[in-house]
Amino acid sequence: MLKTSLLGKNDNSEPTSLDNESKSLSESSSNTTSENVPAAEEASGLSMMQTLIHLLKCNIGTGLLGLPLAMKNAGLLVGPISLFAIGVLTVHCMAILLNCAHHLSQRLQKTFVNYGEAMMYGLKTCQNAWLRTHSVWGRYIVSFLLIITQLGFCSVYFMFIADNLQQIVEEAHMVSNSCHPRKILVLTPILDIRFYMVTILPFLILLVFIQNLKLISIFSTLANITTLGSMALIFEYIVQGIPDPSNLPLMASWETFLLFFGTAIFTFEGVGTVLPLKNQMKHPQQFSFVLYSGMSLIIILYVCLGTLGYMKFGSSTQASITLNLPICWLYQSVKLMYSIGIFFTYALQFHVPAEIIIPIVISQVSESWALFADLTVRTALVCLTCVSAILIPRLDLVISLVGSVSSSALALIIPPLLELITFYPEDMSCVTIAKDIMISILGLLGCVFGTYQALYELIQPIDHLIANSTDPAAIWNLFLQMA
């Protein structure tokens, strides 16, 4: 799953002190925008089906596998309803972003503006003098949130691969040809999960050294094939023999619901892709149909997997649904295939922040040191995501934290504010103003309280968490992820 860059071309009217940095950001944008689309497609434009496939690819990743636990954190009734509502709000905010970008491009006579540019131009044309003066920071804020989000995804990938690799290796002696429900055993893992993170570190460093977008697109294809096969097998398993869900709570506590919010927002991570995809279509006027049809499929997929997964595994639901799969060769292969897909997807997710940061660094060194600086920054960023995963080896909480901190801002907070800034001088209706304010406040509350709850859970000691858990599956999950 790949997010295209939200940055855009340099604005010639920006203050000169920021010109160089803006240019670097813009150049990185032009590179990353094309990474989803082969050159031949760019020449003729994307068809509706091609655009739909790209939209689906950009929205389906590791967050999907954490939705059963998210449902457990919200409740069997509240979870699906809330996930559906968040999905509808996210799609509405995508539509707002499209409308604002189209309006600003017409007002400024530009062929295309992306997310960062839309925020900058919206501030530049607003009535407040201070906001107009500092409008360039609108783009920088979006860029910063994008970097945090993408590196957060990469950190989650480290934990996801390590979690599944640990299960595959340490359960190898118990694997059989017959698939039976997993029996939860409270035992200490043989090797610390951090060992597996360090083991895959050099391979990921070598992977991100690949800068050829055509070669990266091959990895993207491999990731799509393995992900599709894994999802088919996961659905095939969870729909069989679902136990009576009457003993599952319809509503969970508000503390765990805050974790649900972060996870749900994390999964709807394609808000930054809608503008580049629309711009690359052969007939951009058809994008609204693609957006609503594609996101409808995604919402249905999310609600079904989250609900069925929670009903299937109940209180034993783990941070990733792959960790609940039976110990047999078929479903061990599912973990391996999905892990391989996520491994290759790491390079795609990493490409976005790398292409934002590296041009800025290279511009500060001589040409003879450019390659060394490039490789050094790539290595440092990969090590940063690895260190983050080592320091916080809790897959479920990191997903919730990343979703609450940055994804909520990009998906729910900024688009309504952008609509207010863009259209307020043109006599917006009171209903629209109230709607935008309510959505932004909802996103802000989710961001603040979701971040607080995720951080609170992260600082709890292991013995406190085990003492407050009566479920053996939860105890095993803690040992597995915090060994």
How many nm separate the modelled label positions at ASN99 and ILE300, each set 7 Å beyond the Cα in the direction of the Cβ? 2.6 nm
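Per residue, how much accessible area does the stretch 57-113 show when a 1.4 Å probe rolls over the protein heavy atoms, in square angstrom?
Working: 1890 Å² over 57 residues.
Here the residues of the stretch 57-113 average 33 Å² of exposed surface.
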Listed highest first by mean packing, meaning other Cβ atoms within 10 Å per residue, what order do 343-351, 438-446, 317-325 come in? 317-325, 343-351, 438-446
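Work the Kirkwood hydrodynamic radius out for the stretch 48-458: mean of 1/r over every pair of different alpha-carbon atoms, inverted, in Å. Can you show the working numbers first?
Numbers: mean 1/r = 0.0448 Å⁻¹.
With all distinct Cα pairs of the stretch 48-458 included, I get 22.3 Å.
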Provide the net charge surrounding ILE193, with neighbours chosen by a C-beta distance below 11 Å and charges set as Lys +1, Arg +1, Asp -1, Glu -1. -1
Ranked highest first by the average count of other Cβ atoms within 10 Å around their residues, in what order do 379-386, 334-341, 401-408 fall? 401-408, 334-341, 379-386
Burial order of peptide ranges 47-53, 86-92 (average beta-carbon count within 10 Å, highest first): 86-92, 47-53
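Would you mind checking LYS110/LYS435; LYS57/LYS335; LYS72/LYS435 for any pair whose Cα atoms are more than 22 angstrom apart?
Exceeds cut-off: LYS110/LYS435; LYS72/LYS435.
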Once you place label points 7 Å from the Cα toward the Cβ at HIS173 and SER47, how far apart are they in nm? 5.4 nm
Calculate the dipole size of the stretch 48-458 relative to its Cα centre from +1 charges on Lys and Arg beta carbons and -1 charges on Asp and Glu beta carbons; express the result in debye to the nearest 20. 480 debye
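Whenever you get a sec, compute what percent of the accessible area on the stretch 379-436 sits on carbon and sulfur atoms (1.4 Å probe). Mind showing how you got there, number by number?
On the way: 1480 of 1990 Å².
Accessible surface attributable to carbon and sulfur in the stretch 379-436 totals 74 percent.
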Hey, can you grab everything whose amide H is under 5 Å from the amide H of LEU46? Only 5+ residues off in sequence or another chain; H modelled, so Pro and N-termini drop out. MET281, LYS282
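The values are calculated or read from the model by the stated rules, or taken from the named source; none is laboratory data. Quantities reported herein were computed from a predicted structural model and do not represent experimental measurements. Every residue, glycine among them, receives a Cβ derived from its backbone with ideal geometry; neighbour counts consider all protein chains shown. Side chains included, ligands, DNA and RNA excluded: accessible areas come from the protein's heavy atoms. Shrake-Rupley method; radii C 1.70, N 1.55, O 1.52, S 1.80 Å.
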